[in-house]
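What follows is a set of notes on a single structure, which appears directly below.
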Amino acid sequence: MPRIIAGHAGGLKLQSVPGDATRPTTDRTREALFSWLASRGWLEGTAVVDLFAGSGALGGEAASRGARRVLLVERDRRAAAVCRQNAQALNHRVGRPVVEVSAADVDRVLDSPAGAGPWDLVLADPPYPLAGAALAGTLERIAAVLVPEGLLVLERSSRSAEPDWPAGLDHFETRRYGETTLYFCLAAGPSAAGDAEDAGQPLQP
């Protein structure tokens, strides 16, 4: 059973999605990711969307660490039901309605007012079979809903090829944790992409 690692809801046990329809991010990867995000100011007061959310653990961690708004997007009915349970527990623990759930297809949500944001941070863990043109289309939609200089963290198998990045995203860092690879990308913005890539880290939101 996953737990929230740190923040206002630190230690909170989350419900897991039964079966093998989802692929939870490992505790090691989640802890490393959120240490990275917290140290660079990507959590406090930001708007975050967790795509292909599974149990909603990534979005929940963002909510616990100070995100202003979190949307969990998950189309699988069982997983979406777990997201709702976890969102309710998280909102109760942090004392305000931070986490929302959209039980629908990711591309459809990103094309709708509910998913249009704009978002400061997008966390995306698409199914590994989603690749090629289908993944490229999703990445284009993500680029369109990020604020200028907003951040995408994309989780993929370390055995998968690096995605083809659309013009609206500037990939500047890759981190590998065993079988999982995280790609960090900034949304295009005035002078932001080049400055951040040169510095090796994103600009503060």
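The values are calculated or read from the model by the stated rules, or taken from the named source; none is laboratory data. This is a predicted model, so every value here is computed, not measured. Positions of Cβ are generated from backbone atoms using ideal geometry, with glycine treated the same way; all protein chains shown enter the neighbour counts. These area figures cover heavy atoms from the full protein model, side chains too; ligands, DNA and RNA do not enter into them. Shrake-Rupley method; radii C 1.70, N 1.55, O 1.52, S 1.80 Å.
Rg and Dmax of the stretch 1-78, based on Cα coordinates, read 12.0, 35 Å. Report, in degrees rounded to the nearest 10, the 0 to 90 angle that the Cα long axis of helix 77-94 makes with the longest principal axis of the chain. Helix 77-94 sits at roughly 80 degrees to that axis.
For the stretch 55-98, taking the reciprocal of the average inverse distance between every pair of different Cα atoms yields a Kirkwood hydrodynamic radius of 10.3 Å.
Rounded to the nearest 500, the 222 nm mean residue ellipticity of the chain from helices alone is -9500 deg cm²/dmol, with -39,500 (n - 2.57) taken per DSSP H run of at least 4 residues.
In sequence order, the stretch 165-171 has phi-based couplings of 7, x, 4, x, 10, 10, 6 Hz under the Karplus curve 6.51 cos²θ - 1.76 cosθ + 1.60, θ = phi - 60°, and Gly or Pro positions carry x.
Each label was represented as a point 7 Å from its Cα along the Cα-to-Cβ direction; for LYS13 and THR26 these points are 2.4 nm apart. Shown here: the chain, whose C-alpha atoms stretch 41, 37, 32 Å along the first, second and third principal axes, sorted largest to smallest. Remark: accessible surface ordering of HIS8, HIS92 (largest first) is HIS92, HIS8, probe radius 1.4 Å.
Amide H to amide H, with H built 1.01 Å from N, SER102 comes under 5 Å of LEU72, VAL73, GLU74, counting only residues 5 or more places away or on other chains. Scanning residues 5 or more positions from GLU173 or on other chains, those with amide H under 5 Å from its amide H are PHE184, with H placed 1.01 Å from N in the peptide plane. Among ARG159, ARG108, ARG96, ARG65, the sequence by solvent-accessible area, most first, with a 1.4 Å probe is ARG159, ARG108, ARG96, ARG65.
3J(HN,Hα) along the stretch 149-156: 6, x, 10, 10, 10, 10, 9, 9 Hz, from the Karplus curve 6.51 cos²θ - 1.76 cosθ + 1.60 with θ = phi - 60°, whole Hz, x for Gly and Pro.
Sorted by accessible area (1.4 Å probe), largest first, how do ASP164, ASP50 line up?
The residues order as ASP164, ASP50, largest area first.
Multiplying the residue separation of GLU179 and GLU162 by 0.36 nm and subtracting their alpha-carbon distance yields 4.7 nm. In a shell of Cβ-Cβ distance under 12 Å around GLY45, excluding GLY45 itself, what net charge do Lys and Arg (+1) and Asp and Glu (-1) give? The answer is +1. Charges were assigned to the Cβ only: +1 to each Lys and Arg, -1 to each Asp and Glu. The resulting dipole of the chain about its Cα centre is roughly 960 debye. Think of the chain as having a plus end and a minus end, set by charges on the Cβ of Lys, Arg, Asp and Glu; of VAL109, ALA131, ALA87, ALA87 sits farthest toward the positive end of this dipole. Under 5 Å from the amide H of GLY150 lie the amide H atoms of ALA187, each residue being 5 or more positions distant or on a separate chain, with H modelled from the backbone and absent for Pro and chain starts. A Förster distance of 25 Å, applied to the separation of the beta-carbon atoms of ALA134 and ALA6, puts the FRET efficiency at 0.15.
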